[in-house]
Each structure stands twice: as C-alpha cells, then as structure tokens.
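For reference, the structure discussed in these notes is given below.
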Amino acid sequence: MLVALTENGNRIYADEAQKRDANGNKNKFYCPDCGSELTLKQGSKNIWHFSHKDGNTICLFRKGKSGESIIHQTMKKKIKEIIERDNDVVFSELEWKIGSRIADYYCEIRDARGNIRKVAVECVYRHNDIDEFTNKSEYYFDREIYCLWIFNLTRFLNKDNSFKEEVRVNEIIKKAHTAYFGKVFALDIANEVIYAIHLSGILRETESVTLYDELGNGYDVGGNSYFLRGTKSPDPVLIGDLSLTKFARTRADGYLDMNRSVCMVDLAKWW
Ligand SMILES: [Zn+2]
C-alpha cells in the first residue's frame, strides 16, 4: 500500500514519508483502515510502500490478496500523475476509502461547465475477479462516481514492445470491453500514456477436404469459417490527453448485466 496515517492522523504517501523525525526518533505509521502499525519500505529496487507489520490483520487493504504486487502499486501512482497532468483536478488521492471499498485512485475533476465529476480508477494487473469488477462498478455507479478500469499494457505487447497479433482475453477484459462500448484502456507505465484498445474476433477457416463414399462419389467437408475462442486481435489507439470530463453514465442494457460509466465518449466508436 502507498498511503498511511502518521501519529497525528494525517495521510501520508510512502514516497514523502521519513523513517525518523528531526530528533532522530523513529516515526510510526498506521493503516488508514484497520489502524494497525505499518512498516515503511524505502528500498532501491521497489516502489516505496508500506506493509502491515502483523501479517494476520483483517482489513480492506489486505482483502482478497496477500500483498499487492509492486506493478499494481506503480500503476496506481502513474495513473494519478497522468490524470493530474491532463485534467483540472480539485481532489486527488491514492487508495481512497469510499464506503466499504478502497479505490486504487479517486479524484474529483472540474469540467468545462464548472461541474465536479467524481472518478474512481481501478488498475488490473494479474487478478481476474469478475465479481469484484461487476460489484465495484455497480457500487461506484450507485454513488454517482464514474469508474475507469485500466489494464497493464504489457499484456498486449510482445517482448520487443510491439503489439501482439493475438491476445488471450479473460472475463474482466471481455466485460470491460463491453462496458466501454468496444474498447479497453491500458496503461503504458514506461511512457506514462494510455491506450484505448479495440479487440476484434479472429476468423479462421477449417481445412477443406474431399471425402469419397463407397460408390466413389466425392463430397467436400470443412472450409467453414469460425471465430477463435478466448483470443482477440488488438487495435490500439494512443490517447494523448486523458481528459476525463466527457463521461457518460449508462444503465444496464441487453449487452451487460450491470450499469456502466462510459469514459472518453469522444473516442471513435466501434459499434
Ligand atoms: Zn490494515
């Protein structure tokens, strides 16, 4: 986790925290949710973060995961930087508690008319919890918060950083793709940019062969086209400016069993 409370109860990020105070005494840090003590980790290899001293505490920051991956934490930090760069942000916090949930990132943005838009961002690195995806999206919708799910771009890239011709798609990708009307959003951590990626079906044909019956009559079988299951072809569009003010909210429809936030409605539509 990236945020903690100081002894005075102030929120502090791991990259701003000091291990010792001006008098050389050790500073103490506490979990904003369960209140138990945290250890500040400021190593040279990983992103600076906090972790629970007691590995058995039950709290929202530990829910369903045995410690968040460093890549997931890096994604959150980068998203915050990108959104602050591209929007008129009036409130911006990592790991912000909303009711009984913690958003990876939460912000409030002023749009062109001066209205405040509330936005929660959830980063997806490895996990594939489709219920969490559906429930969180719905939870935010009920609270008039727009929800943006962002994947790590690396899952769409080859080792040489070119885009893959074919990618495996899991349930979360499929559902996010439907929720955002034919695209998913992906973060390029290294270059601090976001892509919108449309995924299209890959058409294959079965081999056509001629079979002969006992009387020597030949007939053709195969040669049918079909879509590959679980695999799609990515079509990326670089989003130079991640302006989140042009959001729309849409109720559940025949395509989706949940309400959705449609982000970036000015992007080309795929259907
Ligand atoms: Zn905790």
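The values are calculated or read from the model by the stated rules, or taken from the named source; none is laboratory data. Note that the structure is a prediction, hence the values are computed from the model and not measured. Here the Cβ is made from the backbone with ideal geometry for all residues, glycine too, and neighbour counts use every protein chain on show. For the accessible areas, the whole protein counts, side chains as well, though only heavy atoms, and no ligand, DNA or RNA atoms are used. Shrake-Rupley method; radii C 1.70, N 1.55, O 1.52, S 1.80 Å.
Could you list, in sequence order, the residues of segment 19-37 that are closer than 20 Å to Tyr105 by Cα and outside any loop (DSSP other than H, G, I, E, B)?
The one that is closer than 20 Å to Tyr105 by Cα and outside any loop (DSSP other than H, G, I, E, B): Tyr30.
Can you tell which of Glu16, Glu81 is assigned to a loop (DSSP other than H, G, I, E, B) and surrounded by fewer than 18 Cβ atoms within 10 Å (Cβ to Cβ)? Reasoning before the result, please.
Values: Glu81 fails: assigned to a loop (DSSP other than H, G, I, E, B).
When all the criteria are applied, what remains is Glu16.
Could you name every one of the strands (runs of 3 or more DSSP E) located completely within segment 194-271 that has at least 2 residues being under 30 Å from Gly114 (Cβ atoms)? Step through it out loud before you land on a result.
On the way: elements: 209-212, 218-221, 225-239, 248-250, 260-262.
In segment 194-271, the matching strands (runs of 3 or more DSSP E) lie at 225-239, 248-250, 260-262.
How about segment 254-271: which of its residues are at pLDDT below 80, open to solvent by 30 Å² or more (accessible area, probe 1.4 Å) and within 27 Å of Asp131 (Cα to Cα)?
Answer for segment 254-271, where residues must be at pLDDT below 80, open to solvent by 30 Å² or more (accessible area, probe 1.4 Å) and within 27 Å of Asp131 (Cα to Cα): Val265, Lys269, Trp270, Trp271.
Scan segment 14-28 and tell me whether some residue there is of a type in the set (Lys, Arg), within 28 Å of the chain's Cα centre (by Cα) and within 16 Å of the ligand (Cβ to nearest atom). Quick ask: steps written out before the conclusion?
Here is the first cut: in segment 14-28, the ones of a type in the set (Lys, Arg) are 19-20, 26, 28.
This time we only want the ones that are within 28 Å of the chain's Cα centre (by Cα), so: none.
Among the residues of segment 14-28, not one is of a type in the set (Lys, Arg), within 28 Å of the chain's Cα centre (by Cα) and within 16 Å of the ligand (Cβ to nearest atom), which makes the answer no.
From the list Ile109, Ile70, Ile102, which residue is more than 26 Å from Ser243 (Cβ to Cβ) and of a type in the set (Val, Ile, Thr)? Let's see the steps before the verdict.
Numbers: Ile109 fails: more than 26 Å from Ser243 (Cβ to Cβ); Ile102 fails: more than 26 Å from Ser243 (Cβ to Cβ).
When all the criteria are applied, what remains is Ile70.
Does any residue in segment 27-45 that is of a type outside the set (Lys, Arg) and open to solvent by 40 Å² or more (accessible area, probe 1.4 Å) come within less than 6 Å, Cβ to Cβ, of a residue that is within 11 Å of the ligand (Cβ to nearest atom) and not in a strand (DSSP E or B) six or more places away or on a different chain, and which pairs are these?
Going by the 6 Å Cβ cut-off, the qualifying pairs are Asp33/Cys59; Asp33/Leu60; Asp33/Phe61; Cys34/Thr57; Cys34/Cys59; Glu37/Lys53; Thr39/Lys53.
Check whether at least one residue in segment 106-114 is over 26 Å from Asn170 (Cα atoms) and of a type in the set (A, V, I, L, M), and report yes or no. Steps first, please.
Residues of segment 106-114 over 26 Å from Asn170 (Cα atoms): 107-114.
Adding the requirement that they be of a type in the set (A, V, I, L, M) leaves 109, 112.
Yes, there is a match, as at least one residue in segment 106-114 is over 26 Å from Asn170 (Cα atoms) and of a type in the set (A, V, I, L, M).
Does Gly99 fit the bill of being over 30 Å from Asp188 (Cβ atoms), in contact (Cβ under 8 Å) with a residue 40 or more places away in the chain and more than 16 Å from the ligand (Cβ to nearest atom)?
Details: over 30 Å from Asp188 (Cβ atoms): yes; in contact (Cβ under 8 Å) with a residue 40 or more places away in the chain: yes; more than 16 Å from the ligand (Cβ to nearest atom): yes.
Yes; evaluated as a whole, the condition is true for this residue.
Checking Phe91 against (1) assigned to a strand (DSSP E or B); (2) open to solvent by less than 40 Å² (accessible area, probe 1.4 Å); (3) out of contact with any helix residue (DSSP H, G or I) (no Cβ under 9 Å at 6 or more places or on another chain); (4) more than 16 Å from the ligand (Cβ to nearest atom), which single condition isn't satisfied?
Of (1) assigned to a strand (DSSP E or B); (2) open to solvent by less than 40 Å² (accessible area, probe 1.4 Å); (3) out of contact with any helix residue (DSSP H, G or I) (no Cβ under 9 Å at 6 or more places or on another chain); (4) more than 16 Å from the ligand (Cβ to nearest atom), only one is false for Phe91: (2).
Looking only at residues that are within 13 Å of the ligand (Cβ to nearest atom) and touching a residue at least 40 places away in the same chain (Cβ under 8 Å) in segment 50-65, which one is most open to solvent (accessible area, probe 1.4 Å)?
Start the filter on segment 50-65 by keeping residues that are within 13 Å of the ligand (Cβ to nearest atom), which leaves 50-63, 65.
Still in the running and touching a residue at least 40 places away in the same chain (Cβ under 8 Å): 50-51, 60-61, 65.
Values: Phe50: 2, Ser51: 30, Leu60: 43, Phe61: 38, Lys65: 79 Å².
Among them, the one singled out is Lys65.
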